[in-house]
Amino acid sequence: MTSTRISHARYISYVPADPHEDSAGLGAITLGEARPEAGAARTAPSYPTERSILAADALAVSLKGALDRLAVPLARAASAFRRQSGWFLFGYARLSDYSRERVGCTSRWFGDLAHLGDRLDELEGLAAALTGDDGGRPIGRAAAIAIARIASAESLGAWVELARCVGARELREAVGRARAAGSTWPVEPAGAGGHDEMRVEQSGVDPDEEDPDDGRYLKWFMPAPVAAAFDEALDLFRAVEGGEATIADFAEALVADAMAGPAGSEIEVDVRELNRVEGRARIEGALAHSTDNWSHLPEAGQTDWALALAGASLGQFMKLCERAGRGDAVELDDQIGQLAGLEHELERRLAEILARMADQSAWSRLGFDSTAHYAEQRLGQSRTALQDRARLWRALRRLPLVRRAFEQGEIGFEAARCVVRALGNGIVDEGIQRAWVQRSKEASIKRLRDEQRAIRRDRAFRQTAAANPSDPMPLTDTQWRESIRREPGMAKDRVAKLGDLAASSLMSDVFLRLRLPAVTAGRLMAAVEGARRRLGRLVEQVPWDQPWPQSDAPASIKAARDLFIRCRRIPSWLGLLALLEDFVATWDVSPKRRGDEIYIRAGWRCMAPGCTSRRHLEDHHLDYRSRGGGHDEANRECLCRFHHQCGEHGGLASCRGQAPLDVVWRLGRQDVG
């Protein structure tokens, strides 16, 4: 590739094209006034593909600059909203539910921005470094958030200087070393083993302080019933835990159960060995060195037109910035909504560009390892966030109606992702797409996730994950309520049936993808491998020509026995299935008590829209007993303590009607609900 150092680049137009009609895969990108820097040697023109990739890169950098400018007012508004506990006013029990349902973002996104906003006034100059207004290279949002968690007013300059001369991974490692040393200043590595030692120490850090990008992305190829069994066991774990626990928490629980079992002493986890990321780190370091930290690419782009592309004039944006972080919870909610809407539109366009660049093999041409590496190093954004958005954009190519609704802002990112997961692979009828778009407009993310899990489970029971002969319609209210019902022993029964289906076919047809912290991923892999080896030793104890003595053996043993007779290797997914079987056998044993029917019907969780509470559940009478309401099941609903006492009886929410299907809710105080 012949590269030219580009400066003073202006982009006249960018018109996304249909991927089926655009062989270049980048849409119509027009690059104007791209001139070599003064004094640079005149080079031959690059190939058209290289020109289009450079144009797309500069366009991405401009969008990144607009995202960086949005980060500062968003951080101030999020910080003030969190200090006021504003989510209560809108009828949500926790910030994570408010972020997901009302803003369309994760609690991690909100928490990172709020922490950054908390420290902007203390760390004077951090906002200017984030956007490049101090005259230097913009450090980006991810670096600013990392610095805000460790720097003091005195050490801020050193951290900003470090962020501008090292890669994002090196900055994270420097923050980890400083935290481990109890210092607010950058700490030099303590020898060759410094990186690995730092990662071991980081395993005990508060989960809110962990960097989600510093982890492992596990991908197992397995039968669809095993993936559905994982979902079922995860939902049981959340019911036992009493909250919307993360997959990482569930992975740790599986490991803990495995360690406590009869073969627990055989599971040895070398954290340092399993936690090494030297391969990718060396590749990224070599790329940074060979390109002189990508000095052949422009450092910044114009942002005014990028904001206009998202639907905001410069004047409107400046007014938002001036009042960001001021006012009551209602005013702050409006600020967050407007700013987050601009960010969603910019990220959607950026994800589209990244997906098209990946189709053109742009990373090797520009000197990056992957989409995630480019997003973090070049754009200063989270590896996982932009990677997920680019993956969604590629998946939406086969769902044109869903893609159109997503592009027009009618449905959000999480809703679109739920629809993609529910519909599986292949071309889907337009009528079904239209039905899912309508459901996404009117339903909570909580409801969409419930339907997605139910459809995945039903597909696994019908063994149609690969062929997918009939695409599913959205569930009716009756079907949805039936899908969330949870009786004692239900998870154990479902996992057993799903395991039998997997054992009968032994055909892997889907991927189970897990994004976990590095230490947790290592421990889970070790536990799965230990369970796999234990199955192998167990089935070898009975000669192949003799029947297995237990007719009611778990599905994992039946499948391992069948493979042993065929002289085939036991796959790792059987080890995972064995862990799931042990987990549900241990925890799904609670007897059914008198009066539990209301909680069983609700799946042992609060039925307020968008609420993920699974503990402190209370039996609420829709028509109060004091007003003549009866005690029959149609007049009773399962609510968490917040939505019962602070919501229904405290004015922050209300519900009326007949359970379970004819209940009308209002979330939020009367004047804002």
Whole-Hz ³J(HN,Hα) for each residue in the stretch 642-648, computed from phi via Karplus 6.51 cos²θ - 1.76 cosθ + 1.60 with θ = phi - 60°, x for glycine and proline: what do you get? 5, 6, 7, 8, 7, x, 4
Please turn the phi angles of the stretch 649-656 into ³J(HN,Hα) values with the Karplus equation 6.51 cos²θ - 1.76 cosθ + 1.60 (θ = phi - 60°), one per residue in order, whole Hz, x for glycine and proline. 9, x, x, 8, 6, 7, 9, 9
Residues of the stretch 88-130 with amide N under 19 Å of a point placed 7 Å along Cα→Cβ from residue 161: 123-130
Which of the peptides 179-186, 485-492 is most tightly packed, and how do the rest follow, going by the mean number of other Cβ atoms within 10 Å of each residue? 485-492, 179-186
Cα to Cα, under 25 Å, and not fewer than 8 places away if on the same chain: which lysines meet these conditions relative to residue 492? 219, 446, 558, 592
Cβ neighbours within 10 Å, averaged per peptide: list 170-177, 246-253 in order, most packed at the top. 170-177, 246-253
Considering amide H positions built from the backbone, and no H for Pro or chain starts, which residues 5 or more places from residue 91, or on another chain, come under 5 Å of its amide H? 668, 669
Residues whose placed amide H lies under 5 Å from that of residue 510, excluding near-sequence neighbours: 222, 224
Charge tally in the Cβ shell below 10 Å around residue 615, where Lys, Arg are +1 and Asp, Glu are -1, residue 615 excluded: +2
Show me, for the stretch 110-120, the HN-Hα J-couplings you get by feeding each phi into the Karplus relation (A = 6.51, B = -1.76, C = 1.60, θ = phi - 60°), rounded to Hz, glycine and proline as x. 5, x, 4, 5, 5, 5, 4, x, 4, 10, 4
Under 5 Å from the placed amide H of residue 187, counting only residues 5+ away or on other chains, we find 178
Full-extension gain in nm, residue 154 to residue 658, via 0.36 nm per residue minus C-alpha separation: 175.3 nm
The stretch 95-184, accessible area per residue, ligands and nucleic acids excluded (1.4 Å, Å²): 35 Å²
Find how much the distance from residue 296 to residue 462 grows on full extension, using 0.36 nm per residue of separation minus their present alpha carbon separation; answer in nm with one decimal. 54.4 nm
Given the Cα-Cα distance of residue 533 and residue 241 and 0.36 nm per residue of separation, how much length would full extension add, in nm? 102.2 nm
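The values are calculated or read from the model by the stated rules, or taken from the named source; none is laboratory data. Note that the structure is predicted; figures quoted are calculated from it, not measured. Glycine gets a Cβ as well: all are built from the backbone with ideal geometry, and neighbour counts include every protein chain shown. Note: areas computed on protein heavy atoms with side chains; ligands, DNA, RNA excluded. Shrake-Rupley method; radii C 1.70, N 1.55, O 1.52, S 1.80 Å.
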